Amino acid sequence: TMAGSELTVKATQEGENVHIHVIFPAGTKYYTSSSEGGKKENLHIPNQILAVDRKTFTGGGERLIITTSLPATHSAFQKGDKLEITLSGIVMGKARDEYKYNDSELIKLLSFEPISGDIESTLVTLDTNEMGKYSLGLGGDGTQFNIMLVDKSAVQERHNNLVVLDPGHGGKDTGARGTKIDERDVNLEIALKVGDILTSQGVVVEYTRKTDITVGLEERAQIANVLNAGVFVSIHNNANTDRSKHGTETYY
């Protein structure tokens, strides 16, 4: 199994021979080899890119999600408005050579290039406009490599007047479930009301989500870090089968 995609293997007997049929997900890279004097055939499937997605997450911000078969090992180098990221031991797989975007947007061009060496790797290059800060991290089960960027206009000096509100759960993650309502919905309603109160008091407010969408745990923290938030508040409504349990709890 490769990050939700399955290999189907079927064997059939034909006389004295056994024929093995392997069905791969489209775009899968693999190679074969023989060992033990041809008595053993080996099938090798390297760690590879399965999908590339681009999303915005706040004003002046972009998020790229590179899904790989296994968690990625990476290193990064920034030179001006260009960011180069090496994904070690990962081949391009389904990634295209280039993804061209609008020249006026934060990311103008995203490109992938194979790197030969002791292990096959992939160079990811982002050509940007006025990039301010970036953050890299693994999300989900470790197979989602997140690249988060904000432009220079969105980078704020760290000050206590900037609060990031994080409505817990959301989207596919319902949180605690009641008979008529899910925690994700209550968390969002509370966060939006808290944001209105803070804004009315002159506090600058950003959110990890303002609608019912799925947001990874690592991504939530990265949003706050990229924005240099003075305070990060995650809002939850926990459940217990013991109805005598009630009150609030705070982790800081």
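Output the 0 to 90 degree angle, nearest 10, between the alpha-carbon long axis of helix 183-200 and the longest principal axis computed from the alpha carbons of the chain.
The angle comes out at about 50 degrees.
Would you pull out the residues with amide H under 5 Å of residue 48's amide H, same chain only if 5 or more places away, H placed 1.01 Å from N?
Counting only residues 5 or more places away or on other chains, the set is 69, 70, 91.
At 1.4 Å probe size, put 243, 96 in order of accessible surface, largest to smallest.
Descending accessible area places them as 243, 96.
Roll a 1.4 Å probe over the protein chains and send me the accessible area per residue for the chain in Å².
Heavy-atom accessible area per residue stands at 60 Å².
Given charges of +1 on the Cβ of Lys and Arg and -1 on the Cβ of Asp and Glu, with all other atoms neutral, how large is the dipole of the range 128-184 about its Cα centre, in debye to the nearest 20?
Dipole of the range 128-184, to the nearest 20 debye: 120 debye.
Once each part is reduced to its C-alpha centroid, what is the distance from the range 189-208 to the range 94-154 in angstrom?
Centre-to-centre distance over Cα atoms comes out at 31 Å.
How far is helix 217-226 tilted off the main Cα axis of the chain, in degrees rounded to 10, range 0 to 90?
With both axes taken from Cα atoms, the answer is about 60 degrees.
Roughly how many percent of the accessible protein surface of the range 90-227 is carbon and sulfur, given a 1.4 Å probe and a whole-percent answer?
In the range 90-227, the share of accessible area belonging to carbon and sulfur is 49 percent.
Report the trypsin sites (Lys or Arg not before Pro) located in the range 129-215 that are in a DSSP loop and have at most 13 other Cβ atoms inside 10 Å of their Cβ, or state none.
Sparse-neighbourhood loop trypsin sites (Lys or Arg not before Pro): 158, 172, 180.
The values are calculated or read from the model by the stated rules, or taken from the named source; none is laboratory data. Note that the structure is predicted; figures quoted are calculated from it, not measured. With ideal geometry, Cβ positions are generated from the backbone for all residues, glycine too; neighbour counts draw on all protein chains shown. Keep in mind that these areas ignore ligands, DNA and RNA; they rest on the heavy atoms of the full protein, side chains included. Shrake-Rupley method; radii C 1.70, N 1.55, O 1.52, S 1.80 Å.
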